[in-house]
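J.: Just dropping this structure here.
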Amino acid sequence: MSQSSRSTSAWQAADTAHFIHPFTDQAELHRNGVQIIEQGEGVWVTDSEGNRLLDGMAGLWCVNAGYGQPSLITAAHEQLKNLAYYNAFFHTAVPASIELAELLAGISPPGMKRVYYANSGSEGNDTVIRLVRHYWNLKGQPQRKVLIARNLGYHGSTVGGASLSGMPWMHAQGDLPIPGVVHIEQPHYALLGGGIGRNEFGLRAAGWLEDKILEVGVDKVAAFVAEPVQGAGGVVVPPETYWPEIQRICRKYDILLVSDEVICGFGRTGNWWGCQTFDYQPDLMTFAKGVTSGYIPLGGVMVGDRVADTVEAGGEFRHGYTYSGHPVACAVGVANVKLLRDEGIVARVREDVGPYLREAMGSLQDHPLVGYTEGVGLMWAIQLVRNRETMELFDDEKHVSVICREHARNNGLIIRAIVSDRMIVAPPLTITRAEIDHLIQVTRQSLDLTLQTVRDRRWM
C-alpha cells in the first residue's frame, strides 16, 4: 500500500495502534494525533495535509545537505543494486566503507586517520566506552575506568550513552548512570557565570574537570567526554577560554579527551568539526547524523593515533556491530562528504549564512520574551524569560517553550523546545539568506503569539 493511498486519520490510527515513539508521552500523542510528514525538498518538508513547513531543526540536527539531494539518492540506489549488504567481520570489507574512511581521515584533525564504524551516535559513544577502557587495560593501567561527562550533555540513549548523558530524567528511568561514569557542571555562562567575566568563567568551568579528576583519583580517570557545543542541552556555547584549558588539564593528567561531534560535525559550526572551531585536539571523536545528512543511519568514532596504535597492537578488539561499515550507508556518506566539500557548503556556513543567522538572531533580542540568543554557525538558542531585566524564567510546568513551538508549527516552521524554555534552531546547511529571513519572520510572529498567550493566562 502506497503512502498516498491512506488518509491522515488512517495513518494516525495505525500509528496509535503500533508505533512507540522515542522521547514521547504516548498518551498525549494519542490524544492529539501524530503529524504525518510525507515529502522533503531543500529545507522544506510537507505533511499529509499538504502543509509545507520550513524545517528549522534539519530533521534532528542531521539533514545537513538538505532534502532530496540527487547525488545522495543515486549513491544509495547504485550501491543497493550492486551490493546491498556485506559485513566487515572475517577479514572482509567493501569499497564504500574504505573510501569513506579515507575521506573522513582527510577532513579530520591531524593524527586522526582511522575509523571505527557504528550505526548511530549512541552506539558510537558506547564504542568510546569500550575503546577507552580497553586502551587503559592495554597500557597496564586497568584501574583507569572512570569517564567524566557534563550535566545536560547528551551522548545518546543506550545504556552507555545515556549514562554519559547528564540528563537526570533519563537516569531516573534506568538505574543510571552505570558505575564508572560521573559528571561535572556545564560551562553555561548565563546560568552559572555569577557576575564574573565570560573568559574568567571559562577557566573556572574548565577547573571543575580538574577538581573532579582529583576527587576521583588521577589514577582512576580514563577520559573526559563532551560536545564542543552542548546540543540537546540547549546550544550552550562555552567561553573561548574553556576548551584550551580543558585540553591542558587532560594532558596534564594524561586523560583521554573525547569530542562528541554527533551534532557539531560536518559543518554545523562552520568547520568540518566542532573541535576545529574551538581549537582543541581530541583523542577520539564520535560522529553520526551529518555524515550521511540523515539519509541512511551511520555513526562511528574517529580514533586518534595514540589510541589506534595501542589497540591495533593489542590483538583482537572484541567489539562490533552487524552493520559496521554498511555498504549503502557508507556509499551515501561518500556522496555526502563530497557534496559538502565540492559545493563549499561548510565554508559557506562559516563565511556567509552562519554570520547572517547570527545577525538575524540578534534582531530578536528586543522581544519582551527573549532574554538573549546564543549560538555558533547554524545552531542557535533563544532563551525565553518571564522578566528581561532579572532574567527570571517561567515555571517549568507552564511549558512556555512548547507553546511557542506549537505556534511556530501552526505557522509553517519547525523549531525545537527544550528544558528551561530554550527554543532551538538548527536548519539544513543549504538554507539561503531569504529562507533565514522567513525563519526569523515566523519565529518573531510565534513569539508574539506566545506573548499574547502568556499575558492572557496572567503569567507575566
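J.: Residues that are surrounded by fewer than 16 Cβ atoms within 10 Å (Cβ to Cβ) and of a type outside the set (Lys, Arg): list the helices (runs of 4 or more DSSP H) wholly contained in region 1-120 that include at least 3 such residues. Please lay out each step first, then the result.
T.: Numbers: elements: 8-18, 26-32, 58-61, 70-82, 95-107.
Where helices (runs of 4 or more DSSP H) fall fully within region 1-120 and carry at least 3 residues being surrounded by fewer than 16 Cβ atoms within 10 Å (Cβ to Cβ) and of a type outside the set (Lys, Arg), they are 8-18, 26-32, 70-82, 95-107.
J.: Follow-up question, since we're still on this one. I need a count of the residues in region 167-206 that are within 22 Å of residue 244 (Cα to Cα), within 21 Å of the chain's Cα centre (by Cα) and not in a helix (DSSP H, G or I).
T.: Number satisfying all stated conditions: 7.
J.: So, one more: Can you tell me how many residues in region 83-103 are closer than 30 Å to residue 163 by Cα and either touching a Lys or Arg at 6+ places or on another chain (Cβ under 9 Å) or without any contact (Cβ under 8 Å) to a residue 40 or more places away in the chain (or both)?
T.: 1
J.: So which of 195, 166 ends up being small (Gly, Ala, Ser) and either closer than 19 Å to residue 284 by Cβ or crowded, with 18+ Cβ neighbours inside 10 Å (or both)? I'd like the intermediate steps shown before the answer.
T.: Working: 195 fails: either closer than 19 Å to residue 284 by Cβ or crowded, with 18+ Cβ neighbours inside 10 Å (or both).
Result: 166 is the single residue among 195, 166 that is small (Gly, Ala, Ser) and either closer than 19 Å to residue 284 by Cβ or crowded, with 18+ Cβ neighbours inside 10 Å (or both).
J.: Being at pLDDT 95 or above and within 19 Å of residue 128 (Cβ to Cβ) is true for just one of 292, 269, 277, 310. Which residue is that? Explain how you work it out, then say what you get.
T.: Numbers: 292 fails: within 19 Å of residue 128 (Cβ to Cβ); 269 fails: within 19 Å of residue 128 (Cβ to Cβ); 277 fails: within 19 Å of residue 128 (Cβ to Cβ).
Checking each option against the conditions leaves just 310.
J.: Looking at 124, 106 in this structure, which one is touching a residue at least 24 places away in the same chain (Cβ under 8 Å) and among the small types (Gly, Ala, Ser)?
T.: Details: 106 fails: touching a residue at least 24 places away in the same chain (Cβ under 8 Å).
On inspection, the qualifying residue turns out to be 124.
J.: Right, something else. Take the residues of region 256-300 that are of a type outside the set (Gly, Ala, Ser), without any contact (Cβ under 8 Å) to a residue 60 or more places away in the chain and in a loop (DSSP other than H, G, I, E, B): which is surrounded by the fewest Cβ atoms within 10 Å (Cβ to Cβ)?
T.: In this case the residue turns out to be 279.
J.: Have a look at 455, 405, 444 and point out the one that is more than 23 Å from the chain's Cα centre (by Cα), within 16 Å of residue 56 (Cβ to Cβ) and of a type in the set (Lys, Arg).
T.: Working: 455 fails: within 16 Å of residue 56 (Cβ to Cβ); 405 fails: more than 23 Å from the chain's Cα centre (by Cα).
Answer to the check: 444.
J.: Can you tell me which residue is surrounded by the fewest Cβ atoms within 10 Å (Cβ to Cβ) among those in region 318-366 that are of a type in the set (A, V, I, L, M, F, W, C), under 23 Å from the mean Cα position of the chain (by Cα) and more than 18 Å from residue 298 (Cβ to Cβ)? Don't jump to the end; show me each part of the working.
T.: So the first thing to find is which residues in region 318-366 are of a type in the set (A, V, I, L, M, F, W, C), and the list is 328-332, 334-335, 337, 339-340, 345-347, 349, 353, 357, 360-361, 364.
If we keep only those that are under 23 Å from the mean Cα position of the chain (by Cα) too, we end up with 328-332, 334-335, 337, 339-340, 345-347, 349, 353, 357, 360-361.
With more than 18 Å from residue 298 (Cβ to Cβ) added as a condition, the list becomes 345-347, 349, 353, 357, 360-361.
Details: 345: 19, 346: 23, 347: 15, 349: 26, 353: 23, 357: 25, 360: 20, 361: 22.
Filtering region 318-366 for residues that are of a type in the set (A, V, I, L, M, F, W, C), under 23 Å from the mean Cα position of the chain (by Cα) and more than 18 Å from residue 298 (Cβ to Cβ), the one surrounded by the fewest Cβ atoms within 10 Å (Cβ to Cβ) comes out as 347.
The values are calculated or read from the model by the stated rules, or taken from the named source; none is laboratory data. Since the model is a prediction, treat every value here as computed from it, not as a measurement. Positions of Cβ are generated from backbone atoms using ideal geometry, with glycine treated the same way; all protein chains shown enter the neighbour counts.
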